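Take a look at the structure below.
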Amino acid sequence: MKPTMRPYAGGDDEWRVRAFLRAAYLAHGRHARSWHVARFDYTRWHVALNVAQVRLEDVAFLWEADGDVSALLLPDGGPGEAHLSVHPRWGSTGLEAEMLEVAESRLAGLRDDGTRRLVVWAAADDRERQALLTSRGYGRAGVAEHVWRRRLVEPVAVVPPAAGYVVRSLGDGLELLERCYASGLGFHDGDPLQAVENRDDPTWYRNIQTAPLYRRDLDLVAVAPDGAIAAFATFWLDDVTRSVYVEPVATVPAHRRRGLARAVLTEGLRRVRRMGADLATVGGYAEGANALYRSVMGDDHDVVEAWSRSW
């Protein structure tokens, strides 16, 4: 039976997609050829809702066969890029060519000069998708995500934070506002205006906390002696696949070079291991982030590359 496409419709589709992503992730050996279900949660409740301000109903598409989802196409946020997750049972060049056609017609970004551009992601070891992209005029865009993988078979050593700092779960109330402020500093080079904007309306963080896999006890922070949040990392545990997706991770510029991110990451790994997870993953793009993740996660990693085409 050939899979057929339709737009994502929300409601029950959210749960059907989550079941599909779990099945595809396991079928791919828990490698980065398809999304972790927590990445879908994070995109649904943060990147699309808060950042791109788009509905998944307008940018996500399903392929179905035998009553189940067999493939998923969506951007990590708004138009301009496309991520293809396909269950290996249904994987074929024909299906992926059809998915690319939909992405080109529905997800391409419109530039100021009137041309269109689309970025499509492909695993570095996925030769078939790379060949398909090449045949359709795509080339490597020079951007790659390194997905670091740590098996949690052995105990995780304690990495204490710098003197005076404490690593613990995020609180509520005023500390939620501090977490919003720290995010603005951590991801915007210490920009106080962005930090204040983040803190003035914490609705965006409440949205994240609505995601099905969000847990406050796995939303970890490093707290400075004066009570300010200095670093943070959120761990998304999926008990179906016994795996963890870590997103986001950052340290406030004024508190960097003190080993705080390592302390937060290792504490999170220790917690999820106790909960039964046997695999943790975290994605990095920049050299510094990848060096940090390698130091904590080890050498095992997947690489997912961006391919682009303009027309």
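A few notes on this one:
- Test: residue in segment 237-245 that is under 20 Å from residue 145 (Cβ atoms), small (Gly, Ala, Ser) and outside the structural domain of residue 39 (by TED's automatic domain parsing): yes
- Test for residue 181: is it in the same structural domain as residue 99 (by TED's automatic domain parsing), over 19 Å from the mean Cα position of the chain (by Cα) and of a type in the set (Phe, Trp, Tyr): no
- Test result for residue 48, in a helix (DSSP H, G or I), small (Gly, Ala, Ser) and within 20 Å of residue 214 (Cβ to Cβ): yes
- Those residues of segment 211-240 which are of a type in the set (Val, Ile, Thr) and more than 16 Å from the chain's Cα centre (by Cα), in sequence order: 221, 223, 229, 240
- Candidates in segment 95-135 are the residues that are in contact (Cβ under 8 Å) with a residue 60 or more places away in the chain and β-branched (Val, Ile, Thr); of these, the one that is surrounded by the most Cβ atoms within 10 Å (Cβ to Cβ) is 120.
- Residues of segment 207-239 satisfying the condition of being touching a residue at least 12 places away in the same chain (Cβ under 8 Å) and in a helix (DSSP H, G or I): 207, 208, 210, 216, 217, 218
- Close pairs (8 angstrom Cβ cut-off, 6 or more residues apart or separate chains): farther than 16 Å from residue 223 by Cβ and at pLDDT 95 or above in segment 251-263, charged (D, E, K, R) and surrounded by fewer than 20 Cβ atoms within 10 Å (Cβ to Cβ) anywhere: 253/189
- Search result, residues across segment 184-206 that are in a helix (DSSP H, G or I) and either within 21 Å of the chain's Cα centre (by Cα) or charged (D, E, K, R) (or both): 184, 185, 186, 187, 197, 198, 199, 200, 203, 204, 205, 206
- Output for segment 78-90, where each listed residue is in a loop (DSSP other than H, G, I, E, B) and buried (at least 21 other Cβ atoms within 10 Å of the Cβ): 87
- Residue check: residue 86 meets all listed conditions (1) touching an Asp or Glu at 6+ places or on another chain (Cβ under 9 Å); (2) modelled with pLDDT under 95 but one, namely (2).
- Qualifying residue in segment 7-28 (condition: charged (D, E, K, R), surrounded by fewer than 21 Cβ atoms within 10 Å (Cβ to Cβ), in contact with a Lys or Arg (Cβ under 8 Å, 6 or more places away or on another chain) and part of a helix (DSSP H, G or I)): yes
- For segment 184-196, the criterion of being surrounded by 15 or more Cβ atoms within 10 Å (Cβ to Cβ), modelled with pLDDT of 95 or more and of a type in the set (S, T, N, Q) is met by none of the residues.
- Within segment 158-179, being surrounded by 18 or more Cβ atoms within 10 Å (Cβ to Cβ) and part of a strand (DSSP E or B) holds for one residue alone: 167.
- Here segment 136-157 is the region considered, the condition is being touching an Asp or Glu at 6+ places or on another chain (Cβ under 8 Å) and within 17 Å of residue 218 (Cβ to Cβ), and the residue that is surrounded by the fewest Cβ atoms within 10 Å (Cβ to Cβ) is 152.
The values are calculated or read from the model by the stated rules, or taken from the named source; none is laboratory data. The model shown is predicted, which means the values in this text are computed figures rather than measured ones. All Cβ positions, even for glycine, are placed from backbone atoms using ideal geometry, and neighbour counts span all protein chains on display.
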